[in-house]
Amino acid sequence: MSLLFIFLLGILSLATSFPETHYHEFVVQETPVKRLCKTRNIITVNGQFPGPTIAARNGDSLAIRVTNRVRYNISIHWHGIRQMRTPWADGPEFVTQCPIMPGRTYTYRFKIENQEGTLWWHAHSRWLRATVYGALVIFPKWGSSYPFSAPKIDVPIILGEWWNRNILKVMKQALFTGAAPNVSNAFTVNGQPGDLYKCSAQDTTKISVNPGDTVMLRVINAALNQELFFSVANHKLTVVGADAAYNRPFTTDVIMVGPGQTTNVFLTANQPPARYYMAARAYQSSQNAAFDNTTTTAILHYKTASAATNPVLPRLPAFNDTTIVTAFSSRLRSIRALAKVPTQIDENLFFTIGLGLINCNPGPRCQGPNNTRFTASMNNVSFVLPRTVSLMQAYYQNTPGIYTVDFPPSPPRKFDYTGNVSRALWQPVSGTKLYKLEFGSNVQIVLQDTAIVTTEDHPIHLHGYHFFVVGEGFGNFNPTTDTATFNLVDPPVRNTINVPVGGWAVIRFHADNPGVWLFHCHIDSHLTWGLAMAFIVRNGEGPSQSVEAPPADLPQC
């Protein structure tokens, strides 16, 4: 009997080691939510804010059925998932799919391949991701382990923004006037503003620990338009991963997380038993721009401490402390054994990024600076999405007239990008311009911030890929001197890069995933103004290198 029991245990262990398929039901619906003393209807998934956390293992597959029960179109993006040969499941509306219309359903199907750590999901339709988002946690495969000791407590910390107004009305007003959108009324931790806001203390997010516990915080910046500093009072944070990639651990007092980014940090509950605030507030790099200067908090509560104890507040950096941001980003290094940096470059691209202004006649639609309208661009092209078909469908079906493939590989005109830029360069051209990459090519992109309107830290996200950040700096990129400083040994791996304010960043990746992939600023107002482009990565020669046929239930426009 004992031998049979051992044999059955072995069979059970073997069975559970195989990849699984996880099935989820997402119902997009209106839900009444009270924040900052007011109750209003917001768009949620399954009535939850934030939405449900999805947990899976590296190698597992997911099938997520999304039903739209609101009056708006919706699509869901699985931020950071590589979607190997399944671009139809990526989610950005009018890029890889038409949106899911009211009353309709679509099932996203994809596999997690060679990714571990923290990602997230969110709406990719207009500005609905202000409330439609959740964590996506990827554990190691069965039989594998973290490259560090497993934590006692493992919890997502999702940072967000809250508006008292309907977010689509905020967007509509900004688009009508051409001015910057109204800033948020609060920041949130796991959907709650925290003790420092009116009518919020009772529901502040709390994490309870025992002395000596190790805690992994999976910090996600789901904010619509704002980079954020994050810290925990009196506790050191050890950074162990970012954007579902492990890094060489390092310890810091504060991290900065741009919209779209994730950062895994460890802390040890090694302080005198008490209550300590976890806090986040804005990193604001653009000059003379309004921003939400409030602070959101959650509480790290030692179970042996009195609940009546006033929590300790951490010392957060000044809102414009770029020095802290630079020091933090410069310490990120990948684990060398996992780094396979492309060294022979086939496509060497140079993209200017930043804001711009459109001249127009004075009136209610011209409330930007000096009676203009805000716009944004890459290489002087302000990106326009189609409205009758998705870019992926047009590419797959060879539909003419939807896009062109003449996105410029470098700026049409060279200038002093971070200096005094001529007003003649402030107004970009509009277009749906894509750039073709050959399957298997090694790509390098220099991302150069510009001083048009203002220099600013831009979080740039590449769909369908992760990439190596081989260099960063300030001022204008110099290919002669700056290339010599590239880190080709252990550069960090990201899917979203914060391009330094008034500076540049250089990324590299191997184009091994065919499809149409959006490349854009993850500040939603900038994306709406056109700070985006898209790559076509053509199919490879083998069947395992080709895009699968579109699913039968793919939404139609």
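The values are calculated or read from the model by the stated rules, or taken from the named source; none is laboratory data. The structure displayed is predicted, hence computed values, not measured ones. Note: ideal-geometry Cβ built from the backbone for every residue, glycine included; neighbour counts use all protein chains shown. Keep in mind that these areas ignore ligands, DNA and RNA; they rest on the heavy atoms of the full protein, side chains included. Shrake-Rupley method; radii C 1.70, N 1.55, O 1.52, S 1.80 Å.
If the condition is being part of a loop (DSSP other than H, G, I, E, B) and open to solvent by 20 Å² or more (accessible area, probe 1.4 Å), then region 234-263 contributes 234, 236, 253. Within region 278-303, the residues that satisfy the criterion of being of a type in the set (Phe, Trp, Tyr) and open to solvent by less than 10 Å² (accessible area, probe 1.4 Å) are 283, 302. Checking 170, 219 one by one, the residue that is open to solvent by less than 20 Å² (accessible area, probe 1.4 Å) and in contact with a strand residue (DSSP E or B) (Cβ under 6 Å, 6 or more places away or on another chain) is 219 and no other. Residue 131 meets all of the listed conditions (1) open to solvent by 10 Å² or more (accessible area, probe 1.4 Å); (2) under 20 Å from residue 38 (Cβ atoms); (3) touching a Lys or Arg at 6+ places or on another chain (Cβ under 6 Å) but one, namely (3). Screening residue 408 on (1) under 13 Å from residue 381 (Cβ atoms); (2) open to solvent by less than 30 Å² (accessible area, probe 1.4 Å); (3) assigned to a strand (DSSP E or B) shows it passes everything except condition (3). Residues that are in contact with a Pro (Cβ under 8 Å, 6 or more places away or on another chain), of a type in the set (D, E, K, R) and open to solvent by 50 Å² or more (accessible area, probe 1.4 Å): does region 335-357 have at least one? Scanning region 335-357, I find no residue that is in contact with a Pro (Cβ under 8 Å, 6 or more places away or on another chain), of a type in the set (D, E, K, R) and open to solvent by 50 Å² or more (accessible area, probe 1.4 Å), so the answer is no. Within region 71-106, the only residue that satisfies the criterion of being surrounded by fewer than 18 Cβ atoms within 10 Å (Cβ to Cβ) and among the β-branched types (Val, Ile, Thr) is 105.
For region 24-40, the set of residues classified as in contact (Cβ under 8 Å) with a residue 40 or more places away in the chain and either closer than 25 Å to residue 106 by Cα or not in a strand (DSSP E or B) (or both) consists of 24, 25, 26, 27, 28, 29, 30, 36, 37, listed by residue number. Within region 121-180, the only residue that satisfies the criterion of being more than 30 Å from residue 366 (Cβ to Cβ), in contact with a helix residue (DSSP H, G or I) (Cβ under 7 Å, 6 or more places away or on another chain) and not in a loop (DSSP other than H, G, I, E, B) is 122.
The listed residues are 186, 180, 201, and the only one of them that is among the aliphatic types (A, V, I, L, M), over 23 Å from residue 117 (Cα atoms) and free of Cβ contacts under 8 Å to residues at least 40 places away in the same chain turns out to be 201. The number of residues in region 354-392 that are within 20 Å of residue 403 (Cβ to Cβ) and in contact with a strand residue (DSSP E or B) (Cβ under 6 Å, 6 or more places away or on another chain) comes to 12. Taking the listed residues 489, 547, 501, 506, the one that is under 27 Å from residue 416 (Cα atoms) and not in a strand (DSSP E or B) is 501, with no other qualifying. Among the conditions (1) surrounded by 12 or more Cβ atoms within 10 Å (Cβ to Cβ); (2) outside any helix (DSSP H, G or I), the only one that residue 327 does not satisfy is (2).
Can you find even one residue in region 378-394 that is loosely packed, with under 13 Cβ neighbours inside 10 Å, modelled with pLDDT of 95 or more and in a strand (DSSP E or B)? No: region 378-394 contains no residue that is loosely packed, with under 13 Cβ neighbours inside 10 Å, modelled with pLDDT of 95 or more and in a strand (DSSP E or B). Checked against (1) among the aromatic types (Phe, Trp, Tyr); (2) in a loop (DSSP other than H, G, I, E, B); (3) open to solvent by 20 Å² or more (accessible area, probe 1.4 Å), residue 465 passes all but a single condition, namely (3).
Got at least one residue in region 308-320 being modelled with pLDDT of 95 or more, open to solvent by 30 Å² or more (accessible area, probe 1.4 Å) and under 17 Å from residue 502 (Cα atoms)? There is at least one residue in region 308-320 that is modelled with pLDDT of 95 or more, open to solvent by 30 Å² or more (accessible area, probe 1.4 Å) and under 17 Å from residue 502 (Cα atoms). Condition first: in a loop (DSSP other than H, G, I, E, B), farther than 16 Å from residue 295 by Cβ and out of contact with any Lys or Arg (no Cβ under 6 Å at 6 or more places or on another chain). Now tell me which residues in region 200-212 satisfy that. Hits for region 200-212 are 211, 212. Can you tell me how many residues within region 365-377 are more than 24 Å from residue 414 (Cβ to Cβ) and either open to solvent by less than 20 Å² (accessible area, probe 1.4 Å) or not in a strand (DSSP E or B) (or both)? Number satisfying all stated conditions: 8. Determine if region 28-45 includes at least one residue that is modelled with pLDDT under 95, among the polar types (S, T, N, Q) and either open to solvent by less than 50 Å² (accessible area, probe 1.4 Å) or farther than 26 Å from residue 519 by Cβ (or both). No: zero hits.
The listed residues are 459, 479, 500, 491, and the only one of them that is within 21 Å of residue 325 (Cβ to Cβ) and open to solvent by 10 Å² or more (accessible area, probe 1.4 Å) turns out to be 500.
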